[in-house]
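Asker: Below you will find the structure I want to go over with you.
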Amino acid sequence: MKTARFIATLVVGAILAFPAFATELKIGLQDDADVLDPAQSRTFVGRIVYTALCDKLVDVNQKLDIVPQLATDWKWSEDGTELVMDLRQGVTFHDGTPFNAAAVVANIERSKTLPESRRKSELTSVKTVEAIGDYQVRFTLNSPDVTLLAQLSDRAGMMVSPKAAAEMGANFGNKPICSGPFKFVERVQQDRIVLEKFPQYWNAANIFIDKLTFLPIPDTTVRLANLQSGDLDMLERLAASDLDAVKSDSSLNYADTINIGYMALYANIANGPRADNPFGKDKRLRQAFSLAIDREAVNQVVYEGTSVAGNQPYAPNSPWFDKDIPVPARDVEKAKALMKEAGHEKLDIELQVPNNPVAMQMMQIIQSMVAEAGFNVTLKATEFATLLSEQTAGNYQLSRSDWSGRVDPDGNLHQFVTCKGGINDVKYCNPEVDALLNDARKSTDNAVRKQKYDAAAKILNDDMPVIYLGHQSYIWAFKKGVTGFVPYPDGMIRLQGVKKSG
Amino acid sequence: MYTYIGKRLLLAIPTLIIISIFAFSLQKLLPGDPILAMAGEERDPQVIEFLRDKYRLNDPVVYQYFYWIGAVVQGDFGISLRTNQPVLSLIAEKLPVTIQLAIMAMIFALAIGVPIGILAAVKKNTWIDYVANIVALSGLSVPNFWMGIMLILLVSVKLGWLPASGYEPFFSDPVRSLQTMIMPAFVLGLALAATLMRHTRSSMLSVLRSDYIRTARAKGVSEQAVILQHSFRNALLPIVTLTALLFGELLAGAVLTEQIFTIPGFGKLIVDAVFNRDYAVVQGVVLCTAIGFILMNLVADVLYVLLNPRMRAAL
C-alpha cells in the first residue's frame, strides 16, 4: 500500500512538475495589439508581437544598420532602380510551407494589392518583384528609393505563409502563420497573446524560451506591480517616473535606449483658415517660441533625465543629426527681441495637447517658460483620436503630437514636410526642401544623403513648421533572472539569446 | 403572471429602439474620426478611402443607422473596426467575465452590507451603529481606482498573496479564476455594500417600529425570530429593488475596476472601443447592456411579487 502511494505520488509529482521544464516568458505590453496581420497592422505593440512571430527580409542592428534576416545578401544596381536579394535556404513557415523566392513575390504582391493593406504607401516605389532563381528575387523600382530596405526591415518585409494568406485572405490575422522563432497558439482580445517556440526555426539554437505570453496592461503602475509580484517577467515602456522604484528593487533589472522617434509641436502653417494667424504666418514668432523653451529642464523635470533634448527629427546621437544646428539653449531675451521684430509684445496661442498626464505636465511647463517671452498659451487637452482628426483637418493653431520614428531618416521627415506628404498636417510647402528630400531618397551613398538632409535641416530650422522638443527613451524592466536582453532604439523586443532562470 | 412578463417584454421593444438610436447617434456626435484612428500613424489616403467605403462611412448617417439596425435584427452586430472580429463573438467572449465579476461583487456587497445594516438597525444609536455608519461612508467615498491600486500594492506586491491583475476563465482553472477576481470583486462590491447597508438599516428601522412587531414581541416571540422572520422579510422588499438597480451601477463600476485590474471584460471592451472609435463595438455593447438592464428590472419586479403576496392581487 505504502509503495503504491509512493509511486502514485511520484507520478503525480512528475505530471505536475513537467510544465516547469518549459521556460515561459511573460511580457507586459502597454496596449493590446490590433489585427495580427503584418499587411493590415498599425500598432506599435503589434510590431513587438511580430518580432517574435514573423521574420523579415532584413533586420536592423542596434546602430540601425540594415542586417540580414531572411535575405542573406543584397545588391543595388548602379542607377538605384533594381535591388537583387539572395534568400536564406532551408527556412519553413509555421505550417510547413517552404520559404523561397516565390513566397517573397507572393508576400510583396499581397501587401501591394490586398484591399485592406496598410503597406501600400511603403511599397509605392516597387514596380515589380520577380523570382530570378529559387532563392533570389529582384525588386524593380519606379524610381530610385534607397529607403526600401528600411521598409523591408519592418512590416512591409515580414513574410507570411503564402498558403495561409491565400486561404484566409483578410482574416489572416485570426491565426497568423509566419516563419519567426515563435508560432501562434491563441489570442484572447485585451487579455493575452500566446506563442510557443517553433522548433524548425532556422536560428532555433539561439532561442531559449519555450512559451511566450504577451499581456496588455495599459496602466503603468499596475504593469509594474505585476512585474514586482512575479506575474510578469518583463515589461516594455516603463514610465520614467517609475525608474527609481525599479532601480531600488533588488529583484529587478532594466535596460534603456533613446528611441528613434521624437516629440514635437506642429504649427499650422497653411492648413485651412485657422492657419491665418501671426504664429502661422511669421517664422520669427515660431523661432521665438522655440528659443523660450528650456528643453533640458523639461527632460529633467518630466522625464527624470531619461529623455534627451532635441531640435531635429533625429536625436543628437544619431548619425543623421546635423551638428551645425546644435540644440539651442534657452534665450528669453533673444526670443523677446524676435517677437518685437515681428511686431508683437504679447501673443495668444491655443495649443492642443493629448490629455495624458505626462504630455499635459510637459506642456504646462513649456506654457510657463514661453510666457516669459510674451506668449500667452492656452492648453486645450484633447483626447487622442480627436486630436488626430483636428490636426488633419487643420482645426488647430499649435498641436503637440509624437512620432514613434522610423529606421531610415526619410521616415521621420519626408511625409511631414514635403508638399504632398501624406501626414503633412501643417501644410508646409517649400520646393527646395522637396527637392532635397526627394534627392536623398535616390542615393545609396550615405555621405551624399547626409548632405541633403543637412541642407534641408537648415531650411527647416529657419522656417520651423515643426518645433522639435526632444526624444524619449524606451525603458524595459525585467526580473533579474532574465538575461541576454539587448535594447534596440526601435523599441522591439528581440528574443534571440534571451534566457530566463529561476 | 406570464401575461405580466409578456407585457413587460413587449414594452421593452420601444425602449430598445430609442436606446439604439441614442447609442448610434451619440457617438456620431463624438469628435474624432474612426478611420483616422484606424489608418495608423502613416494615414495613407488609399487606406482611408478603402476603409470609409468598406464601413459605409461615406453614406448619410440615417442610412448607416438602418444598415446597422437591420443587420442587428438579424443577429449580425457587425465587425470590430480595430480587430476585424465579429462584435457578437467579442461580446460573447467578454460577457461571462463581467457577469462573474458582477456576481462576485454582489456577493461581497450583500454579505457585507445586509448583515451590518440589520445589526446597525437593531443596535440603533449605539457604538456599533456609529462604527457601521463610518465604515459605510468611507466605503462610499473612497474612489474605486485608488482602492484598487492600494490593494494591488499591498496584497500582490508587498504580501504576494494574490495575482496583481489578469483573468482566468472559471471553468479552465477555478482556483486561479477566483484568485484573480477576489480583489476586483471586493473593490467593486465595497461601494455597493455601503449603499446596501444604509438602505437595509433604514428599511429595518421603519419595519421595527411597526405595530405587528410590537405585537409579536408582546406575544413573547424570541428576539431572533422577530428580527429575522418578522422584520427582515418585510424589510427585504426595497432591498431587492435596490439590488437589481445596483446591477446597473455594477456594470458602470466594472468599467473602472476592469481597467485597473486589466480584466478583459465588458467594461474594458467598451472603454477601448470608445477610445478607438470602434463604432460597431460601442453600439453592440450599449445595446446589450440596455437589454441586460431591462431584464434585471423585470427580474426585480417578479421577485417583488413573489416576496410580497399583497402585490399578486394587483396583477
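The values are calculated or read from the model by the stated rules, or taken from the named source; none is laboratory data. What you are looking at is a predicted structure, and each value in this text was computed from that prediction instead of being measured. No Cβ is skipped: glycine too gets one built from the backbone with ideal geometry, and neighbour counts run over all protein chains shown. Heads up: the accessible areas ignore ligands, DNA and RNA and are worked out on the full protein's heavy atoms, side chains in. Shrake-Rupley method; radii C 1.70, N 1.55, O 1.52, S 1.80 Å.
Asker: Please identify the GluC sites (Glu not before Pro) of segment A:333-415 that satisfy two criteria: DSSP loop assignment and at most 14 other Cβ atoms within 10 Å. Which are they?
Answerer: On the way: sites: A:333, A:341, A:345, A:350, A:372, A:383, A:390; in loops: A:345, A:372, A:383.
Here the sparse-neighbourhood loop sites are A:345, A:372.
Asker: How big is segment B:1-129 on each of its three principal axes, counting only the C-alpha atoms and giving the largest first in Å?
Answerer: That gives 72, 45, 27 Å along the principal axes, largest extent first.
Asker: Translational D (Stokes-Einstein, µm²/s) of segment A:262-473 at 25 °C and 0.890 mPa s when Rh comes from the Kirkwood sum over C-alpha pairs? Show your work: numbers first, answer last.
Answerer: Numbers: Rh = 17.3 Å.
Stokes-Einstein gives a translational diffusion coefficient of 142 µm²/s.
Asker: Between residue B:8 and residue B:249, what is the label-point separation in nm under the 7 Å Cα-to-beta-carbon projection?
Answerer: So the label points at residue B:249 and residue B:8 sit 2.1 nm apart.
Asker: Testing the spin-label approximation: label points 7 Å from Cα along Cα→Cβ at residue A:102 and residue B:176. State their distance in nm.
Answerer: With each label point 7 Å from Cα toward Cβ, the separation is 4.2 nm.
Asker: If you add up the charges near residue A:407, with Lys and Arg at +1 and Asp and Glu at -1, over every other residue whose beta carbon is less than 9 angstrom from its beta carbon, what do you get? Don't skip to the answer; put the middle values down first.
Answerer: On the way: positive: A:406; negative: A:154, A:408, A:490.
Net charge around residue A:407: -2.
Asker: Starting from the Cα of residue A:304, step 7 Å along the direction of its Cβ; do the same at residue A:501; then give the gap between the two resulting points in nm.
Answerer: 2.8 nm
Asker: Cα centroid distance between segment A:31-46 and segment A:191-236, in Å?
Answerer: 17 Å
Asker: Report Rg(Cα)/(2.2 N^0.38 Å) for segment B:94-276, keeping two decimals. The partial results should precede the final answer.
Answerer: Values: Rg = 18.9 Å, N = 183, 2.2 N^0.38 = 15.9 Å.
Taking the Cα Rg and dividing by 2.2 N^0.38 Å, one obtains 1.19.
Asker: Moving on to the next point. Dipole size in debye (nearest 20) for segment A:49-178 around its Cα centre, Lys and Arg Cβ +1, Asp and Glu Cβ -1?
Answerer: Charge dipole of segment A:49-178: 400 debye, to the nearest 20.
Asker: Related question: Excluding ligands, DNA and RNA, what is the accessible area buried between chains A and B, summed over both sides, using a 1.4 Å probe, to the nearest 100 Å²?
Answerer: Details: alone 21480 and 17460 Å², together 35130 Å².
Its buried surface, counting both partners, is about 3800 Å².
Asker: I've got another one for you. What trypsin sites (Lys or Arg not before Pro) in segment A:418-484 are in a loop by DSSP, with at most 12 other Cβ atoms within 10 Å of the Cβ? Mind dumping the intermediate values first?
Answerer: Numbers: sites: A:420, A:427, A:441, A:442, A:449, A:450, A:452, A:458, A:479, A:480; in loops: A:420, A:427, A:480.
Here the trypsin sites (Lys or Arg not before Pro) that fit, given the DSSP loop and packing criteria, are A:420, A:480.
Asker: Right, something else. Considering only protein heavy atoms and a 1.4 Å probe, what is the carbon-and-sulfur percentage of the accessible area of chain A?
Answerer: Working: 10220 of 19570 Å².
Carbon and sulfur: 52 percent of the exposed surface of chain A.
Asker: Using only the alpha-carbon atoms of segment A:441-484, report the extent along each of the three principal axes, biggest first, to the nearest angstrom.
Answerer: The Cα atoms of segment A:441-484 stretch 49, 29, 12 Å along their principal axes.
Asker: Also, quick follow-up: To test your reading of the geometry: what angle, between 0 and 90 degrees and rounded to tens, separates the Cα axis of helix B:232-260 from the longest principal axis of chain B?
Answerer: The answer is roughly 30 degrees.
Asker: If you don't mind, there's one more thing I want to ask. Hey, can you list the residues from segment B:69-107 whose accessible area shrinks by 20 Å² or more with all protein chains present, relative to the chain by itself (probe 1.4 Å, no ligands or nucleic acids)?
Answerer: Checking the loss per residue gives B:82, B:83, B:84, B:85, B:93, B:94.
Asker: Give the average over all directions of the projected area of the C-alpha convex hull of segment A:350-424, one decimal, in nm². Don't jump to the answer; show the numbers that get you there.
Answerer: Details: hull surface 23.7 nm².
That works out to 5.9 nm².
Asker: Give the Debye-formula value of log10 I(q)/I(0) at each listed q (0.25 Å⁻¹), with one equal scatterer per alpha carbon of segment A:73-132, two decimals each.
Answerer: Evaluating at q = 0.25 Å⁻¹ gives log10 I(q)/I(0) of -1.15.
Asker: Give the shape of chain A as rounded, prolate or oblate, defined through the alpha-carbon gyration tensor: a ≥ b ≥ c are the square roots of its eigenvalues, a/c under 1.5 means rounded, and otherwise the shape is prolate if a/b is larger than b/c and oblate if not. Display every interim value, and only then the final one.
Answerer: Values: a/c = 2.31, a/b = 1.40, b/c = 1.65.
Cα axes put chain A in the oblate bin.
Asker: Please give the helix B:127-141 orientation as an angle from the longest Cα principal axis of chain B, in degrees from 0 to 90, rounded to the nearest 10.
Answerer: 10 degrees
Asker: Let me ask another. So if I restrict to the alpha-carbon atoms in chain B, what is the Rg, and what is Dmax, the biggest pairwise distance, in Å?
Answerer: Both quantities, over Cα of chain B: 23.7, 85 Å.
Asker: At 1.4 Å probe radius, can you tell me the per residue accessible area of chain B in Å²? Before the final figure, lay out each step's value.
Answerer: Working: 15560 Å² over 315 residues.
Per-residue value: 49 Å².
Asker: Also, I was wondering about something else. How big is D, in µm² s⁻¹, for segment A:54-172 by Stokes-Einstein at 4 °C and 1.567 mPa s if Rh is the Kirkwood radius over C-alpha pairs?
Answerer: Working: Rh = 14.4 Å.
Result for D is 90 µm²/s.
Asker: Another question, if that's okay. Roll a 1.4 Å probe over the protein heavy atoms and report the accessible area of residue A:330 in Å², nearest 10.
Answerer: Rounded to the nearest 10, the figure is 80 Å².
Asker: Right, next: Kindly identify residues of segment A:205-223 having a loss of at least 10 Å² in accessible area between the isolated chain and the assembly of all protein chains, probe radius 1.4 Å.
Answerer: A:216, A:217, A:218, A:219, A:221, A:222
Asker: Given 10 Å bins starting at zero, what is the percent of C-alpha pairs of segment B:32-75 in each, up to the one with the largest pair distance?
Answerer: Reading the bins upward from 0: 27, 42, 26, 4.
Asker: Find the relative contact order for chain A and round it to a whole percent, using C-alpha pairs within less than 8 Å whose residues are 6+ positions apart. Before the final figure, lay out each step's value.
Answerer: Details: 1011 pairs, mean separation 94.7, N = 502.
Reported as a whole number, the value is 19 percent.
Asker: Quick check: with the 1.4 Å probe, what order do B:18, B:5 take by accessible area, largest first? Can you show the working numbers first?
Answerer: On the way: B:18 90, B:5 45 Å².
Most to least solvent-accessible, the answer reads B:18, B:5.
Asker: So, one more: What does the average come to when, for each residue of peptide B:44-53, you count the partner chain Cβ atoms lying within 10 Å of its Cβ? Each step should come with its number before you reach the end.
Answerer: Numbers: counts 11, 3, 7, 10, 2, 0, 6, 3, 0, 1.
That works out to 4 on average.
Asker: Can you give the net charge of the other residues whose Cβ lies under 14 Å from the Cβ of residue A:419, counting K and R as +1 and D and E as -1?
Answerer: Values: positive: A:420, A:427; negative: A:425, A:432, A:434, A:463.
Around residue A:419, the charge tally is -2.
Asker: What is the dipole size for the protein assembly as shown, taken about its Cα centre, with +1 at each Lys and Arg Cβ and -1 at each Asp and Glu Cβ, in debye to the nearest 20? Show your work: numbers first, answer last.
Answerer: Numbers: 79 positive and 81 negative charges, 642 e Å.
Value, rounded to 20: 3080 debye.
Asker: Could you run the Karplus curve 6.51 cos²θ - 1.76 cosθ + 1.60 with θ = phi - 60° over segment A:150-165 and give me ³J(HN,Hα) per residue in whole Hz, x for Gly and Pro?
Answerer: Here the 3J(HN,Hα) series is 5, 4, 6, 8, 10, 4, 5, x, 6, 9, 10, 5, x, 5, 5, 5 Hz.
Asker: Another question, if that's okay. Around residue A:114, with a cut-off of 12 angstrom between Cβ atoms, what is the net charge of the other residues, counting Lys and Arg +1 and Asp and Glu -1?
Answerer: Details: positive: A:110, A:112, A:118, A:119, A:120; negative: A:37, A:109, A:116.
So the surrounding residues net to +2.
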